[in-house]
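The values are calculated or read from the model by the stated rules, or taken from the named source; none is laboratory data. None of these values were measured; they are calculated from a predicted model. We place every Cβ from the backbone using ideal geometry, glycine too, and count neighbours over all the protein chains shown. These accessible areas exclude ligands, DNA and RNA; they are computed on the full protein's heavy atoms, side chains included. Shrake-Rupley method; radii C 1.70, N 1.55, O 1.52, S 1.80 Å.
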Amino acid sequence: MNTPPQTVASIRQVCKSFDNKQVLSNINIDLNQAEVLSILGPNGAGKTTLINTMLGRLSLDSGEISLFGHAPGSMSVKRQTGAMLQVSGLPDMSTIKEHITLFQSYYAHPMDYEQVMAFSGLKDIENQYSKTLSGGQKQRLLFALAICGHPKLLFLDEPTVGMDITARKSLWHAIQTLKAQGTSILLTTHYLEEADQLSDRIVMFNHGEIVREGTPEEIKSQINTKKIRFSSPLNIASFSTLKTVTKVSQISSSTDYYELESACAEKSMKEIFEKQLQVNNLTIIGAALEDAFEIINNEESTSSASE
Amino acid sequence: MKTIIDDKPNLLNIFILEAKTETMRLFRTPGFSIPTLLFPIMFYTFFGIVFSMNPTTMPTYLMITYAVFGVIGPALFSFGVGIAIERGQGWFDLKEVSPMPASAYIVSRISLTFIFASLIILFLFTIGATFGDVRLMRWQWISLALIFVLGSLPFCAIGMTLGLYLKANSAPATVNLIYLPMSFLSGLWLPINVLPEVMQQFANLLPPYHLAQLALKITNMDLGFPIALHLSVLAAYSLLFIFLAVKAYHKKDKQ
């Protein structure tokens with residue numbers, strides 16, 4: 001075997017289809033130790049399917065998945081793994097503490113209970129029945145169940161759905177701490193800010209294919225659009241005539257605040273100053289991951305439509 | 001390269017915690033515990049004691065058949081409805097991908113069935129002895145209790161299969177639609193020999209009928225067929241449904 005020791009999970013040329021519809025096509029991903037890898041993509045892109053194949057719940061049409069050098073779904077892999085899946089309900093009449101204590105018993109060396117409480121922020125409500133929990137609290141309990149075995153590999157499928165911003169931030173903190181302790185984390189999310197903040201690498205999925213792969217910075221840098229924002233007493237038409245500007249918009253109709261998009265902010269600024277257009281409160285910002293995502297997805301859907 | 005040191009958790013500890021959690025949960029769920037405990041007790045008090053057709057034999061006969069009715073209930077519902085609902089929620093999937101041994105899930109529900117079955121038997125025996133004047137030898141009480149508790153096992157297998165195949169929202173109704181008619185047609189509510197001949201023939205296909213006949217042998221109230229027949233029908237049902245359950249559990253790509 002020539003798997004490098006730091007690779008925790010390797011996915012090789014994996015294909016999967018349901019009813020003749022290709023859901024995963026030729027996926028290759030490596031997940032390294034102490035790495036957070038985010039899988040981003042629109043609904044139906046194949047994110048959850050990929051997680052299910054890695055958990056051994058779905059068979060593969062072709063290709064190979066290996067976790068710690070073993071096949072997915074085997075007991076020895078499960079004992080190194082924690083998973084947070086999209087679960088709509090938990091058994092109502094058990095308390096948070098009972099749920100966690102039970103899941104801890106499945107592992108030989110579980111995480112200390114107080115530590116689980118600290119990561120999940122559930123200490124105050126540990127004796128509440130799961131029936132009484134809010135959506136966000138249920139998510140935190142599911143997170144607690146995923147980490148309570150001190151897994152080396154953690155799957156988080158849309159972990160922050162339904163969480164308020166405080167809960168989301170404390171979960172991010174938990175993920176970063178676990179990563180620092182050596183846990184490898186595979187995350188799927190809709191929240192681009194989440195992927196941007198947490199990930200070492202991002203894999204973007206669309207129609208079951210990997211469309212982009214890289215660090216958040218690499219993906220953002222593939223989009224060289226910059227945004228120029230300012231206020232101005234001038235009419236919007238004064239800016240539409242600028243040659244280096246690709247898009248002009250008035251941010252809010254009641255104010256005189258404008259946003260220009262430009263492939264080269266320096267040239268646009270030069271143009272504005274040469275024409276002596278009055279601009280105040282000037283800011284120039286790089287593309288957010290969200291913009292990159294939108295642009296890449298648009299490129300992909302136009303290119304797949306033209307095929 | 002296989003890097004795993006195969007550290008195993010304590011299996012007995014898992015079994016105990018799983019069974020404890022599951023039992024506590026169901027005792028706290030009135031929708032499960034009240035009908036499961038109350039129905040056999042209520043029916044027996046009503047038909048076996050208060051409106052008994054024959055005060056010398058009926059209290060004993062119906063104590064036995066309502067005990068069969070009573071122990072089938074928790075087996076079918078804790079497995080059948082329980083698993084179907086957990087599957088619907090995605091909770092079952094989470095358990096499946098966790099390192100919980102599948103045996104723990106089954107053992108916990110069997111223990112739970114045994115606990116509920118024992119309570120039902122205890123209540124029925126007490127009511128029978130106190131108000132129905134049921135008089136049996138000690139070995140008869142003990143044999144009956146053992147037959148009832150162990151007799152719930154084939155119904156655990158049936159329940160497990162139902163739970164793995166049924167949809168969450170239709171499971172309670174479907175299980176009731178199997179449980180109640182099957183109990184009546186097996187002669188658990190009224191003695192089998194008061195049912196029409198055709199129905200008595202049909203009862204041969206039903207596992208509760210065979211369990212009731214086995215138990216009735218203890219008090220010489222059965223129809224007189226060989227023990228081996230009843231045991232083999234119950235064993236055949238168990239094997240069939242265990243096979244179906246294992247098949248459903250190991251099926252991949254279930255959606």
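Assorted remarks:
- Considering each residue of segment A:58-79 in turn, none proves to be facing chain B (nearest Cβ under 7 Å) and closer than 22 Å to A:Q197 by Cα.
- Going through (1) surrounded by fewer than 23 Cβ atoms within 10 Å (Cβ to Cβ); (2) at pLDDT 95 or above; (3) more than 8 Å from every other protein chain (Cβ to nearest Cβ) one by one, A:Y129 falls short only on (3).
- Selection status of A:I100, closer than 15 Å to B:M100 by Cα and either more than 8 Å from chain B (Cβ to nearest Cβ) or at pLDDT 95 or above (or both): yes
- Residue ID - farthest from A:L40 (Cα to Cα), chosen from residues in segment A:165-179 that are open to solvent by less than 60 Å² (accessible area, probe 1.4 Å) and of a type in the set (K, R): A:K179
- Scanning segment B:106-124 for residues being surrounded by fewer than 24 Cβ atoms within 10 Å (Cβ to Cβ) and either touching a residue at least 12 places away in the same chain (Cβ under 8 Å) or of a type in the set (G, A, S) (or both) gives a total of 11.
- Looking across segment A:256-286 at every residue that is farther than 11 Å from A:F230 by Cα and of a type in the set (S, T, N, Q), the one that is surrounded by the fewest Cβ atoms within 10 Å (Cβ to Cβ) is identified as A:Q276.
- The single residue among B:G73, B:G80, B:G48 that is more than 14 Å from chain A (Cβ to nearest Cβ), in contact with a Pro (Cβ under 8 Å, 6 or more places away or on another chain) and closer than 28 Å to A:K131 by Cα turns out to be B:G73.
- A:L50 of a type outside the set (S, T, Y) and either at the interface with another protein chain (Cβ under 10 Å from one of its Cβ atoms) or surrounded by fewer than 21 Cβ atoms within 10 Å (Cβ to Cβ) (or both): no
- Of the strands (runs of 3 or more DSSP E) entirely within segment A:189-253, those holding at least 2 residues that are in contact with an Asp or Glu (Cβ under 8 Å, 6 or more places away or on another chain) occupy A:201-206, A:226-231, A:245-250.
- Residue within segment A:21-38 that is open to solvent by less than 40 Å² (accessible area, probe 1.4 Å), outside any strand (DSSP E or B) and at the interface with chain B (Cβ under 10 Å from one of its Cβ atoms) present: no
- Among the conditions (1) surrounded by fewer than 22 Cβ atoms within 10 Å (Cβ to Cβ); (2) over 17 Å from the mean Cα position of the chain (by Cα); (3) under 23 Å from B:M42 (Cα atoms), B:L216 misses just one, which is (1).
- If you go through segment A:132-149 and keep only what is more than 14 Å from chain B (Cβ to nearest Cβ) and either farther than 16 Å from A:S170 by Cα or hydrophobic (A, V, I, L, M, F, W, C) (or both), you end up with just A:S134.
- Just one residue in the set B:P55, B:P59, B:P99 is open to solvent by less than 20 Å² (accessible area, probe 1.4 Å) and not in a helix (DSSP H, G or I); that residue is B:P99.
- Considering segment B:26-52, the residues that are open to solvent by less than 10 Å² (accessible area, probe 1.4 Å) and over 17 Å from B:F114 (Cα atoms) include one that is farthest from the chain's Cα centre (by Cα), namely B:G48.
- For segment A:184-211, a tally of residues being open to solvent by 10 Å² or more (accessible area, probe 1.4 Å) and either among the β-branched types (V, I, T) or assigned by TED's automatic domain parsing to the domain that holds A:K247 (or both) returns 2.
- Qualifying residues in segment B:125-146 (those that are buried (at least 21 other Cβ atoms within 10 Å of the Cβ) and among the aliphatic types (A, V, I, L, M)) - the one modelled with the lowest pLDDT: B:V134
- Taking the listed residues A:G149, A:G136, A:G162, the one that is outside any helix (DSSP H, G or I) and surrounded by fewer than 21 Cβ atoms within 10 Å (Cβ to Cβ) is A:G162, with no other qualifying.
- Residues considered: A:G44, A:G56, A:G63, A:G82. Of these, the only one that is open to solvent by 30 Å² or more (accessible area, probe 1.4 Å) and within 22 Å of the chain's Cα centre (by Cα) is A:G44.
- Note on segment A:60-88: among residues that are part of a loop (DSSP other than H, G, I, E, B) and without any contact (Cβ under 8 Å) to a residue 40 or more places away in the chain, the one that is farthest from B:T29 (Cα to Cα) is A:A71.
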